[in-house]
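In what follows, a structure is listed as structure tokens, so that the remarks can point back to it.
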Amino acid sequence: MADQSTVGILDEFQTEFSEFWRRLPNKGFFLALLACWLGLFQFFGNATLGYVDTPSLFSWMINSYTARDLDGNLQDDSMGMWVPLLVLGLIWWKQKELVAQPLKLWGPGLLVVVCGMGLHLVGYFIQQPRLSIVALLTGIYGLMGMAWGREWMRKIFFPFFLLVFLIPFSTLIEPITFPLRLIAARIVEWICQELLLLNVLREGTMLRDGAGHYQYDVAGPCSGIRSLMAVGLMATVGSFVFFKQWRRRAVLFALVIPLAVVGNVLRLMSIIIAAKIWGQSWGNWVHEGGPGGIFSLLPYVPAIFGLIYVGQWMEEKKPEPTKPA
């Protein structure tokens, strides 16, 4: 039965994709321009050859996503590898709405492409690949406008906007992550001392047992940067999918940092409690993720349930039809 269901889903997807592709005009025009645009960033996309020895912006991006720390763990920008799949899924979710628009060639889209070219020239000469990523996305957005019109650009702004998470942010937001480290350490210290009556001392971002049984530094990966990016992505998706009013979307965006802090406090508390009961080796085991990496998911639990709860609380209710007299 499972195999038959899978085959049925694949057949349905193939049928819908064929219909979508048939109704999409100017495909050759768009693909030819897209190939030229991507070729520019493949051969003249990266000028920082002293750091990543490749002229390709795409290779520079992959290097950022797959970089590992001294312990062999993926660093904080690894989420960028999965963002394109999410965006493609959301585009497919809106595919019927997209092809229902009056799709036609639209000359002003060229202005957006020119803006993308200008951004890339600036980014290339000042050796800022992140600016070139913005230029790459701007140009693709403009090419879609040229091929399919202004309404297409308006309808696809979300989810296309989510591609901004392709930009490696980890080294840019240290002014945010360092205060998060201090906040998480202070909250854990207060909970342990005032609520749990545990002798946990804090020195800056270092948490240690008064008896010297364990000590942990709330380092960069525990500062919330990874969960901050993931929670930010979840909040962006939820706000655009479920709400049309920017006021409601702003509420979800405002929850990103608090939920990231709460999630990391939960993870730090689990490490401290494990170390307090069974010793630092057990705390290290929880810190490394435990069985199957399940403990590494703790920072996302408050974020997921928090966003769901607030989203339901703010849910846009449709007016009930008035009963006839």
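The values are calculated or read from the model by the stated rules, or taken from the named source; none is laboratory data. From a predicted model like this one, the values you see are computed outputs, not experimental measurements. Every residue, glycine among them, receives a Cβ derived from its backbone with ideal geometry; neighbour counts consider all protein chains shown. Accessible surface is based on the protein model in full, side chains and every heavy atom, while ligands, DNA and RNA are left aside. Shrake-Rupley method; radii C 1.70, N 1.55, O 1.52, S 1.80 Å.
Excluding ligands, DNA and RNA, the accessible surface per residue across the chain is 57 Å² with a 1.4 Å probe.
Helices meeting the span-like rule in the chain (full DSSP H runs, Cα extent of at least 30 Å along the helix axis, mean Kyte-Doolittle score of -1.0 or higher): 2-23, 256-278. With a Förster radius of 30 Å applied to the beta-carbon distance between L10 and L38, the computed FRET efficiency rounds to 0.60. When you count the other C-beta atoms within 10 angstrom of each residue and take the mean per peptide, 205-214, 262-271 line up highest first as 262-271, 205-214.
Of the accessible area of the range 7-114, computed with a 1.4 Å probe over protein heavy atoms only, carbon and sulfur atoms account for 67 percent. Along the Cα-to-Cβ line of R248, 7 Å from the Cα, sits a label point; which residues in the range 93-115 have backbone N less than 19 Å from it? Label zone hits: 94. Only protein heavy atoms count here; under a 1.4 Å probe, Y141 has an accessible surface of about 40 Å².
May I ask you to compute the full-extension gain from I277 to T48, defined as 0.36 nm times their residue separation minus their alpha-carbon distance, rounded to one decimal in nm?
Working: separation 229, 0.36 × 229 = 82.44 nm, distance 4.91 nm.
Once the chain is fully extended between I277 and T48, it gains 77.5 nm.
In the set (1) 228; (2) 174; (3) 127, the label that goes with volume of the Cα convex hull per residue in Å³ computed for this structure is (1). Computed over protein heavy atoms with a 1.4 Å probe, the carbon and sulfur contribution to the accessible area of the range 204-300 reaches 66%.
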